[in-house]
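The values are calculated or read from the model by the stated rules, or taken from the named source; none is laboratory data. Nothing here was measured: the structure is a model prediction, and the numbers come from that model. These accessible areas exclude ligands, DNA and RNA; they are computed on the full protein's heavy atoms, side chains included. Shrake-Rupley method; radii C 1.70, N 1.55, O 1.52, S 1.80 Å.
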Amino acid sequence: MQSTASREPLTVAHDDSAQDDLLAAVDLPSLEPSSSPRRAPSLETGVVRGTASGLLVELGGGPVLARRAKSCLVAPDAGDRVLCATDGDQVFVLAVLEGEAGATTRIVAEGDLKVHATGRLGLGAGDQIEIAAAREVGLFTGKLQVRAQAAAAAIEELGLVGRTLDAHLQKAVVVAERIETRADRLVQRAKQAFRFIEALEQVRAGVFDLRAEGLAAVRGENTIVAARTLAKLDGEQVKIG
């Protein structure tokens, strides 16, 4: 007959210290659940309520501060319906879906903006195109063509540097207080030329040659012809008086 002690289960003691040392030596990620799990990115539409100190967008959960995504070049205005992306605590405005009818659409980029096309680039408008810059507007091209029915330019200072100027005009009117022309050679050709000078006209030249195929007349209330060395009158007939 077996004793009661022999029928009791056998208990084996385990030493867990070696297993704990092995787990401590291996850099395993913590398996403890995060107290605030990261929210998955989502898309949501909203309405812009203000733009004074950042974009205030009304979403389903209430108003939030949002940033305009870099790809969203259209600047939102108050009242516009926008598409937003929520990533954690950040909200980005991806696109402006619709705005007030007839309102101006403004394309705004932070920093420099370059538009590049490998082919042709066209810019058109049904009414008017305006180009404004606080400092400078530059045009750099191999050939520049400007066609317009009428043109007006108001420029305080104008500097023009070039090799050749070819102008074909039916009429040219220049009004200025002072005009100075400097050239190595000046040639003027005209069928008729008229000069009306109210005060004084002076011509100073090394050699002055005046020729007329027909009549050459010099009239004045007082006429003086003076020569330092020689004064000559030559003609088939010379009449004085």
By the Cα gyration tensor axes a ≥ b ≥ c (a/c under 1.5 gives rounded; else a/b larger than b/c gives prolate, otherwise oblate), the shape of the range 66-126 is oblate
Would you mind working out the accessible area per residue for the range 50-111, using a 1.4 Å probe, and quoting it in Å²?
62
For residue 171, list the lysines whose Cα falls under 23 Å from its own Cα; do not include residues on the same chain fewer than 8 positions away.
191
Compute from the Cα atoms of the range 123-212 the Rg and the Dmax, the latter being the longest Cα-Cα distance, and quote both in angstrom.
19.8, 60
HN-Hα J in Hz across the range 118-132 - Karplus 6.51, -1.76, 1.60, θ = phi - 60°, x for Gly and Pro
6, x, 8, 10, x, 10, x, 8, x, 10, 7, 10, 10, 10, 9
Computed ³J(HN,Hα) along the range 106-113: with the Karplus parameters 6.51/-1.76/1.60, θ = phi - 60°, integer Hz and x for glycine or proline, the list is 10, 9, 10, 10, 6, x, 7, 9
Please report the carbon-and-sulfur percent of the accessible area for the range 139-192; probe 1.4 Å, protein heavy atoms only, DNA, RNA and ligands left out.
48
So what J values fall out for the range 51-64 if you push phi through Karplus, 6.51 cos²θ - 1.76 cosθ + 1.60 with θ = phi - 60°, rounded to Hz, Gly and Pro as x?
10, 5, 10, x, 8, 9, 10, 8, 9, x, x, x, x, 9
Sorted by chain and then number, the residues having a modelled amide H within less than 5 Å of the amide H of residue 68, at least 5 places away or on another chain, are 93
With every protein chain kept in place and ligands, DNA and RNA left out, what is the accessible area per residue of the range 202-241? Probe 1.4 Å, answer in Å².
124
